[in-house]
1. If you take the C-alpha gyration tensor of the chain, multiply each eigenvalue by 5 and take the square root, what semi-axes do you get, largest first, in whole Å?
2. Taking every pair of distinct Cα atoms and averaging 1/r, then inverting, what Kirkwood hydrodynamic radius in Å comes out for segment 88-218?
3. Full-extension gain between LEU116 and LEU159, please, as 0.36 nm times their residue separation minus the C-alpha to C-alpha distance.
4. Translational D (Stokes-Einstein, µm²/s) of segment 1-142 at 37 °C and 0.692 mPa s when Rh comes from the Kirkwood sum over C-alpha pairs?
5. Counting only heavy atoms of the protein chains, get the accessible area per residue of the chain (1.4 Å probe) and round it to a whole Å² value.
6. Can you tell me which of PRO160, PRO68, PRO143 moves the most in a GNM of the chain? Springs connect C-alpha atoms under 10 Å apart.
7. State the extension gain, in nm to one decimal, for the chain segment bounded by PHE167 and ARG25, taking 0.36 nm per residue of separation less the distance between their alpha-carbons.
8. Calculate the spin-label point distance for ASP135 paired with SER240, positioning each point 7 Å from the Cα along the beta-carbon direction, and give it in nanometres.
Amino acid sequence: MTDELVALLMRNGFVAPEEEAAELRAASRGNLDELVARRLTGEPLAWITGSVEFCGRTLRIAPGVYVPRWHTESVAWRAVERMPRGGRGLDLCTGSGAIAAVLMAERDARMVATDLDPKCVACARVNGVDAHVADLFEGVEGPFDVVTAVVPYVPTADLPLLQRDTFTFETPLAYDGGADGLDLARRAVEGARRVLRPGGALVLELGGRQPETLALDGFTDIRTIRDEEGDPRGLEATASTPSPTRQ
Ligand SMILES: C[S@@+](CC[C@H](N)C(=O)[O-])C[C@H]1O[C@@H](n2cnc3c(N)ncnc32)[C@H](O)[C@@H]1O
């Protein structure tokens, strides 16, 4: 028999009402009605419960912080593959520190991370990540074995097409990638070339056909990352070994 909360969520168009009802109940401290009322406004579930599952781990999520998406897991797992045990990594645009936390747990990686939003940096620190308020590579020194980034990559003109809840609750800072969506991705490529050791990996989330269009001078072995359903979700590329200088 469907319980009342599940039925309410279902009526309001939530696609996983049983799971959401269970999470809301688990997060409730005698204030279930208040939590449900917030959810019915479209506020992200993780902001209400304070946590989300990512790559099989529980991450703390503070209100206002970008909630890591399931499709980013395929990007995180590629970064795990590319990270030597105990290696050094940089996670740009870290948000909650999701990717950095996975690399620390899976590879004992020594991670640093940056984000422009102080709320995100505070949240990433709660998740154990050495995060700093900074613009991409500002204040960061290489060399790194792996640079990861989920930069904002939505073309500015497409921002109004995002889901209503995204548009209502989340900040354009997490999404707006400029005219073609690639402004920050280009800066990430350029900076990664400077801070990666030769042979190190850049692992970047992108959308749609962006993995095919982004120029990757200074990188070799460029591969598209696909999710479980085969959809392109980003790319990985290897920093070229500099050719020996002539004497
Ligand atoms: C799409 S979210 C990704 C967050 C996290 N990596 C994840 O996958 O859950 C993009 C993040 O980039 C941050 N950001 C935007 N512009 C930035 C910049 N110039 N330098 C550093 N971080 C930036 C935003 O604050 C936001 O947290």
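1. Details: eigenvalues 247, 71, 51 Å².
Semi-axes from the Cα gyration tensor: 35, 19, 16 Å.
2. On the way: mean 1/r = 0.0666 Å⁻¹.
Evaluated over segment 88-218, this radius sits at 15.0 Å.
3. Working: separation 43, 0.36 × 43 = 15.48 nm, distance 1.94 nm.
Stretched out fully, the LEU116 to LEU159 stretch lengthens by 13.5 nm.
4. On the way: Rh = 16.3 Å.
For the chosen part, D equals 201 µm²/s.
5. Working: 12510 Å² over 247 residues.
Per-residue value: 51 Å².
6. Of PRO160, PRO68, PRO143, the Gaussian network model singles out PRO160 as fluctuating most.
7. Details: separation 142, 0.36 × 142 = 51.12 nm, distance 2.64 nm.
Net length gain for the segment: 48.5 nm.
8. Going by the 7 Å Cα→Cβ label model, 2.8 nm.
The values are calculated or read from the model by the stated rules, or taken from the named source; none is laboratory data. The model shown is predicted, which means the values in this text are computed figures rather than measured ones. Cβ atoms come from the backbone with ideal geometry, glycine included; neighbour counts cover every protein chain shown. Remember, those area values only see protein heavy atoms, side chains included, never the ligands or the DNA or RNA. Shrake-Rupley method; radii C 1.70, N 1.55, O 1.52, S 1.80 Å.
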